[in-house]
Every structure is written in C-alpha cells, then in structure tokens.
Amino acid sequence: MTNNNMYFIANWKMFGNLKSINSIKNVINLSTKLKYRKAKIIYCPPYTLLDQFVKKTIKTKIDIGAQDCHTHQNYGAFTGSINAKMIKNAGSKFIIIGHSENRNTGDTNKIINLKIKSSLNEKLKIIFCIGETLKEKRNKKTNQVINKQIKKGLKDIKKIDNIIFAYEPVWSIGTGIIPELDDLRNQVKKIKFFIKKTYKVKNPLVLYGGSVNPKNILSLREISLINGFLIGVASQNSKKFIDIIKKTIN
Ligand code: PGA
C-alpha cells in the first residue's frame, strides 16, 4: 500500500508474564522476511518484562518500548516509580507517553510534558498519544483538544524528530468501535497539518490507535496518511498481530 515504513506498536498494557513472551517467536520470524522489512515492529510490555523482551529481541529488527515513566529525570525517593533513565538502561528505545488510560488517572498535559522531556533527555523515542473523549467529540471540541494536547505536551521542545504521534480517540480504545474512515482520514490530515505548521517539519509520523483488529485493518490500511498503528488487545495475540501486519503490508 505504501513505500514508507509502517509502524506496528504492541501496547501490552498490564498484561503478560514470563510465559507469554514465547508467543512473540512467530512475530520475530515474520520480521526477518524481506517482504516485511517495511514493518517497524515495537513491543511495549509492562516494566516487569522489559528486560526479557530486550533479550529476546536482541539481534532482531524488533524494538522495545516502555508504556510510561515518572516525570523525574534523576533517581529519587519515589516508591513504586520508574524513570526514563531506568527504562533506557533496561534496553528500551521507545516509550509511550500520554496514553488516555494514564491521562484518565491524573496525567495532565503538564505532567506529560515533563515525562516527554525526561525521555528525550535519555534519547528515547516517544510515542505521544493524543485524542479526544466522546464528550469532546460530541461538543465538536476534537481539534481544540488535540491541538492543546500537542502544544502543551511539547511545550519548550523545539526538535520533534524523535516524536511519533499516535492519534487515539478515547472512545475507540478497547470498545471495538473505530471512527468513520472519512472522519479518520480528515482528522489525521488536520493533525499532520497542525504539526507541520507549528514545528516546521515536513513529514510528521502519525499513527492510529483504538480497537485495531485483523478485520478492520482492511479498511484502516486504505488511509495512506496513517504511518502505522498502536495496537492494544489484538497485539497480545501473535496470530492476530501478524495478521494485522500482513494485511497492511500486502
Ligand atoms: P486497543 O488499545 O487496541 O485494545 O483498543 C489501543 C491502545 O490503548 O493503545
């Protein structure tokens, strides 16, 4: 469908154990095939499995990312927390920040900005989630909300080369509902336009996330503006994840 790289980011959320890592074997095999070279596969397991995932994917083309981090740049007395430095040290190259499940439990745009800055300082690549709630959509606030999330989340950040945007309408995450294709195409177009204009970049990467599955990927892949997908529940099942990758690249 496209000559460019396509991102397939597996967000395992609070799922997975030492046994489930073995299930990614088939995804590793797929990534070695010439045909799927364009697929940039990134696994974001829970913190407890980062080390094992890094070891399992070493010498493969698959990269590993974390799902969040603490705002604090340095080590400190923050019981139960993990910062970007530790994530980098564990071998991660990527990090998801601003996921709506974390915005929901207290991550403001300001907190997200601090997390992004500390991750950039550690040279992590950011998967920056943005998206409106159903209420905001109904009140026709989508653009306003998204532009604010971008501006505030990236406050004082000049270079955005290491930032990949993931448009995830909150009402789409885990619900089985995806936006109307025309609406999604338009929204991604608007997001790209805003980023280009604000940050003077030519080709910002914008992914789509929210209920991506092997069925709806056949429609989603038709939107050529989309640079890949952030996949939750379907990514925990290697068969489904592979199916999504194959159908997109074919
Ligand atoms: P979902 O999750 O694919 O299960 O809807 C996507 C996400 O939360 O990133």
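The values are calculated or read from the model by the stated rules, or taken from the named source; none is laboratory data. Quick caveat, the model's predicted, so the values are computed rather than measured. Please note: Cβ atoms are built from the backbone with ideal geometry, for glycine as well, and neighbour counts cover all protein chains shown.
Scan segment 69-89 residue by residue and report those that are surrounded by 15 or more Cβ atoms within 10 Å (Cβ to Cβ) and out of contact with any His (no Cβ under 7 Å at 6 or more places or on another chain). Answer for segment 69-89, where residues must be surrounded by 15 or more Cβ atoms within 10 Å (Cβ to Cβ) and out of contact with any His (no Cβ under 7 Å at 6 or more places or on another chain): C69, H70, T71, H72, Q73, A84, K85, M86, I87, K88. Among the residues of segment 4-24, those that are touching a residue at least 12 places away in the same chain (Cβ under 8 Å) and of a type outside the set (A, V, I, L, M) comprise N4, N5, Y7, F8, N11, W12, K13, F15, G16, N17, S20, S23. Whether any residue in segment 12-30 is within 16 Å of the ligand (Cβ to nearest atom), surrounded by fewer than 23 Cβ atoms within 10 Å (Cβ to Cβ), of a type in the set (A, V, I, L, M) and over 30 Å from S224 (Cβ atoms) is what I want to check. Checking segment 12-30: at least one residue is within 16 Å of the ligand (Cβ to nearest atom), surrounded by fewer than 23 Cβ atoms within 10 Å (Cβ to Cβ), of a type in the set (A, V, I, L, M) and over 30 Å from S224 (Cβ atoms).
Whether a residue is at pLDDT 95 or above, assigned to a helix (DSSP H, G or I) and within 14 Å of the ligand (Cβ to nearest atom) was assessed, and E136 does not pass this test.
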